[in-house]
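Down below is the structure, laid out as structure tokens.
The values are calculated or read from the model by the stated rules, or taken from the named source; none is laboratory data. Small disclaimer: the values here were computed from a predicted structure and weren't measured. We place every Cβ from the backbone using ideal geometry, glycine too, and count neighbours over all the protein chains shown.
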Amino acid sequence: MMIAAPDSLRDWQAERSEIAQLPTTAAGERLRARAQRTRRSIIRMIDQAGAGHIGGDLSATDILTSVFFGVMRVDPNEPTAPDRDCFILSKGHCAAALYSTLAAAGYVDERELDTFMAPGSALNGHPSRGKVAGVETSTGPLGHGLPVGVGTAIAAKLTGSDARTYVVTGDGEMQEGSNWEALMSAAQYHLDNLTLIVDRNRLQQGARTEETNGLDPLDTKLASFGWDVREVDGHDFGQLLTALTTPSDRPVAIIANTIKGKGVSFMEDRVEWHHKVPDAEQVRRALAELEPA
């Protein structure tokens, strides 16, 4: 397992502390700047690796930034602390977004990002719990993260811990039956310590979700399973933070409406960028568009 880089850990702790003291609008601007740095990192990682899932990485970036820099109670010095909050990226193919966020949060040495998907690297194309600090469960096959999240939330209840579990799924992934079994179980066991965030970019490999196996009305379906459903703009940090922090006596499902390829004009809402790799000119254009204003 990697050792957290001390400099990035100190930076993360300081940044989180500062963000927590800011008004919502100012906090959102700080989170937006952090997310843009993550997006640039994603572009570089996938360019160097020659593989990845860039569209979904970019759509989920603001969600991951909000969770790790806005709400998670964790200590990268003690990544397995018993009372830590747990984060599970069920859409494990978007590992570049997770690794970049973990590096910014001090779990991973940022220099390791250059090894993404290289032979022998701990930073596999799908996250591995045994290799990377901060990865709570290995994910790749879709439909597994939420069931595991239900288990961690139940475990917290059994041990009297106030830890929360946060799970991010793709929207295409919500076509997996295992997720709906987990949704039923979470309501049955009154898991008010569980938050699901659906990255609702409306695209999956090869087509739009509604063309493949329609999910709408997703809010009504989730509510019918006994969840507290909140629908937000998944790129609005104020909305994300409010949805993530408002208490509930039920499991919370956040439908985060996002744009696949967010932040890069020629990638946005284009199905081919599910797994297409940019060429050198496209990398240059993407990084230019992601430069801070």
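Does ALA156 fit the bill of being touching an Asp or Glu at 6+ places or on another chain (Cβ under 9 Å) and closer than 27 Å to ARG73 by Cβ?
It is true that ALA156 is touching an Asp or Glu at 6+ places or on another chain (Cβ under 9 Å) and closer than 27 Å to ARG73 by Cβ.
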Specify the residue that is modelled with the highest pLDDT; the eligible residues are those in the range 19-41 that are surrounded by fewer than 18 Cβ atoms within 10 Å (Cβ to Cβ), assigned to a helix (DSSP H, G or I) and hydrophobic (A, V, I, L, M, F, W, C). ALA33
Given the condition of a type in the set (A, V, I, L, M) and touching a Leu at 6+ places or on another chain (Cβ under 6 Å), answer yes or no: does some residue in the range 73-91 qualify? yes
Consider only pairs whose beta carbons are under 6 Å apart and that are at least six residues apart or on different chains; among these, list those whose first residue lies in the range 39-57 and is of a type in the set (Lys, Arg) and whose second residue is crowded, with 23+ Cβ neighbours inside 10 Å and part of a helix (DSSP H, G or I). ARG39/LEU58; ARG39/THR61
Answer yes or no as to whether SER224 is of a type in the set (Ser, Thr, Tyr), under 28 Å from ALA187 (Cβ atoms), surrounded by fewer than 21 Cβ atoms within 10 Å (Cβ to Cβ) and modelled with pLDDT of 95 or more. yes
In the range 51-62, is there at least one residue being outside any strand (DSSP E or B), among the acidic types (Asp, Glu), over 20 Å from ALA280 (Cα atoms) and in contact with a helix residue (DSSP H, G or I) (Cβ under 8 Å, 6 or more places away or on another chain)? yes
Of all residues in the range 128-152, which are touching a residue at least 60 places away in the same chain (Cβ under 8 Å) and assigned to a helix (DSSP H, G or I)? VAL148, GLY149, THR152
Let me spell it out: the conditions are (1) surrounded by fewer than 24 Cβ atoms within 10 Å (Cβ to Cβ); (2) farther than 28 Å from GLY206 by Cβ; (3) of a type outside the set (A, V, I, L, M), and SER66 meets all of them except one. Which number is the exception? (1)
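Every residue, every condition in (1) in contact (Cβ under 8 Å) with a residue 24 or more places away in the chain; (2) crowded, with 17+ Cβ neighbours inside 10 Å; (3) of a type in the set (Asp, Glu), yes or no:
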| site | (1), (2), (3) |
| --- | --- |
| GLY177 | yes, no, no |
| HIS190 | yes, no, no |
| GLY214 | no, no, no |
| LEU240 | yes, yes, no |
Need the failing condition index for ALA4 against (1) surrounded by 20 or more Cβ atoms within 10 Å (Cβ to Cβ); (2) modelled with pLDDT of 85 or more, just the number. (2)
Is there a residue in the range 52-61 that is modelled with pLDDT of 95 or more, closer than 20 Å to GLY149 by Cα and among the aliphatic types (A, V, I, L, M)? yes
Can you go through GLY143, GLY172, GLY134 and tell me which one is at positive phi, within 16 Å of the chain's Cα centre (by Cα) and surrounded by 23 or more Cβ atoms within 10 Å (Cβ to Cβ)? GLY134
Checked the range 248-267 for anything out of contact with any Phe, Trp or Tyr (no Cβ under 7 Å at 6 or more places or on another chain), charged (D, E, K, R) and under 23 Å from HIS126 (Cα atoms); matches are LYS262
Surrounded by 17 or more Cβ atoms within 10 Å (Cβ to Cβ), out of contact with any strand residue (DSSP E or B) (no Cβ under 7 Å at 6 or more places or on another chain), in a loop (DSSP other than H, G, I, E, B) and of a type outside the set (Phe, Trp, Tyr): does that describe ALA118? no
Give just the number: which of (1) in contact with a strand residue (DSSP E or B) (Cβ under 8 Å, 6 or more places away or on another chain); (2) crowded, with 16+ Cβ neighbours inside 10 Å; (3) free of Cβ contacts under 8 Å to residues at least 40 places away in the same chain does ASP233 not satisfy? (2)
Starting from residues that are small (Gly, Ala, Ser) and either surrounded by fewer than 23 Cβ atoms within 10 Å (Cβ to Cβ) or within 11 Å of LEU196 (Cα to Cα) (or both), keep the ones in the range 244-270 and report whichever is nearest to the chain's Cα centre (by Cα). ALA256
